[in-house]
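Visitor: Once you've had a glance at the structure underneath, I'll fire off some questions.
The values are calculated or read from the model by the stated rules, or taken from the named source; none is laboratory data. Since this is a predicted model, take the numbers as computed values, not measurements. Here the Cβ is made from the backbone with ideal geometry for all residues, glycine too, and neighbour counts use every protein chain on show.
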Amino acid sequence: MRIALTLDRDALARETNDYVRALLDAGLRRDEIVLMAPGETPSGDFDGVILGGGGDVDPARYGQAARPDARVDVDAGRDATDFALFDRAWESKAPILGICRGLQVINVALGGTLLQDLPTERPSDVLHEAPRAEKTRRDHPVTVAGPSRLQEIAGGDALRVNSRHHQAIDAAAGELAVTGTAPDGVIEAVEGRDGRWLVGVQWHPENLAGDGPSERLFAAFVRAARERARAREP
C-alpha cells in the first residue's frame, strides 16, 4: 500500500512531523507513506492521498489576482504537486484527506473559490489564525452537519478545534457538501457528494495527539485506503 502525503518544504525537513506520527498511530508502516516534495511529479498509483497544510493557493487558479493587502504566499511547486496529485486521486477515486491548505486545494481543484484574507474580507470575533507555537490550543467550536462522515467521526454535531489559517473557502465547489462551519459561518469541513471517501478539514487534527475525533479521522482514512488496496490486489 502507498499513501501520498504533500507538505511544505520546512515540514518535509522534519521526518518526525505530526502528519507522519498521526498516520503511524493510525496503523500505517513508515514505508507505506510517500512524502511528496513541492515540485515533485507524482508517479505510480496511490491507495490514498493526504494534502497537508502549508502556504496559500495561487489565486490565479481560481480566476483572481492576488490582492495587495492579502498577505498571499504562494509556492508554485507546491501548487503543481498538490493539484496534479488531487487530479490523479479524483480520477481513480482513491481516498483523499485535505487538511487546512489541503481543504482549500480540493475546493479550488473542483471549481470553488477562496477568501484570500479572512481578517480583511470577513472580520469576526472568532480566532482563525492562532500563533503557530500554540498548535494544540482549541480556538473555536465547529458545528457538524449530518448525516456525514465527519458526524460519525466526531460522534456528534459539534467539535472544538485548533485554528491556524488566514484563508478559507468562499464559494464551495458544487461537488462538495459543507459538513462543518465555525460560529461566524466560515466553512470548516467538506465532503464529496458522490459517496467517495473525500474529507477536507480547515483545522489541524495532526497536531492533536490523543484527541478522539482527530485519531478517528486518520483511522477512517487509513481504513478506506486499505480497503482500496485490497480491492486492487490480483
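Visitor: Based on this model, can you work out whether PRO141 counts as within 18 Å of CYS100 (Cα to Cα) and at pLDDT 95 or above? Write out each step before concluding.
Guide: On the way: within 18 Å of CYS100 (Cα to Cα): yes; at pLDDT 95 or above: yes.
Yes; evaluated as a whole, the condition is true for this residue.
Visitor: Another question, if that's okay. Can GLU215 be described as charged (D, E, K, R) and in contact with a strand residue (DSSP E or B) (Cβ under 7 Å, 6 or more places away or on another chain)?
Guide: no
Visitor: Tell me, which strands (runs of 3 or more DSSP E) lie completely within segment 1-110 with 3 or more residues that are hydrophobic (A, V, I, L, M, F, W, C), at negative phi and surrounded by 18 or more Cβ atoms within 10 Å (Cβ to Cβ)?
Guide: Working: elements: 3-6, 33-36, 48-51, 96-99.
Fully inside segment 1-110 and qualifying: 3-6, 48-51, 96-99.
Visitor: Go through segment 24-59 residue by residue and tally those that are among the charged types (D, E, K, R) and closer than 18 Å to PRO95 by Cβ. First the steps, then the outcome.
Guide: Taking segment 24-59 and keeping what is among the charged types (D, E, K, R), we get 25, 29-32, 40, 45, 47, 56, 58.
Subsequent filtering for residues that are closer than 18 Å to PRO95 by Cβ retains 25, 29, 32, 45, 47.
Counting residues in segment 24-59 that are among the charged types (D, E, K, R) and closer than 18 Å to PRO95 by Cβ gives 5.
Visitor: Please find, among VAL57, VAL74, the residue that is closer than 24 Å to ASN17 by Cα, of a type outside the set (Phe, Trp, Tyr) and without any contact (Cβ under 8 Å) to a residue 40 or more places away in the chain. Even if it seems obvious, please write down each step before you answer.
Guide: Working: VAL57 fails: without any contact (Cβ under 8 Å) to a residue 40 or more places away in the chain.
Unique residue meeting the criteria: VAL74.
Visitor: Further question: Here are some residues: THR136, THR120. Which one is of a type outside the set (Phe, Trp, Tyr), surrounded by fewer than 22 Cβ atoms within 10 Å (Cβ to Cβ) and either part of a helix (DSSP H, G or I) or at pLDDT 95 or above (or both)?
Guide: Values: THR136 fails: either part of a helix (DSSP H, G or I) or at pLDDT 95 or above (or both).
After ruling out the rest, the residue left standing is THR120.
Visitor: Consider segment 139-155. How many of its residues are part of a helix (DSSP H, G or I) and among the charged types (D, E, K, R)? Walk me through it before giving the result.
Guide: Going residue by residue through segment 139-155, those that are part of a helix (DSSP H, G or I) are 149-154.
Filter once more, so that each one left must be among the charged types (D, E, K, R): 149, 152.
Number satisfying all stated conditions: 2.
Visitor: Do we have any residue at all in segment 25-39 that's more than 24 Å from ALA231 (Cα to Cα) and out of contact with any helix residue (DSSP H, G or I) (no Cβ under 7 Å at 6 or more places or on another chain)?
Guide: Within segment 25-39, the first condition is being more than 24 Å from ALA231 (Cα to Cα), and the residues that meet it are 36-39.
Now restrict to residues that are out of contact with any helix residue (DSSP H, G or I) (no Cβ under 7 Å at 6 or more places or on another chain): none.
No; the residues of segment 25-39 include none that is more than 24 Å from ALA231 (Cα to Cα) and out of contact with any helix residue (DSSP H, G or I) (no Cβ under 7 Å at 6 or more places or on another chain).
Visitor: Does GLY146 count as crowded, with 19+ Cβ neighbours inside 10 Å and under 14 Å from VAL199 (Cβ atoms)?
Guide: Numbers: crowded, with 19+ Cβ neighbours inside 10 Å: no; under 14 Å from VAL199 (Cβ atoms): yes.
So GLY146 fails the test.
Visitor: Report yes if ILE99 is modelled with pLDDT of 95 or more, aliphatic (A, V, I, L, M) and within 15 Å of the chain's Cα centre (by Cα), otherwise no. Give the derivation first.
Guide: On the way: modelled with pLDDT of 95 or more: yes; aliphatic (A, V, I, L, M): yes; within 15 Å of the chain's Cα centre (by Cα): yes.
Yes; evaluated as a whole, the condition is true for this residue.
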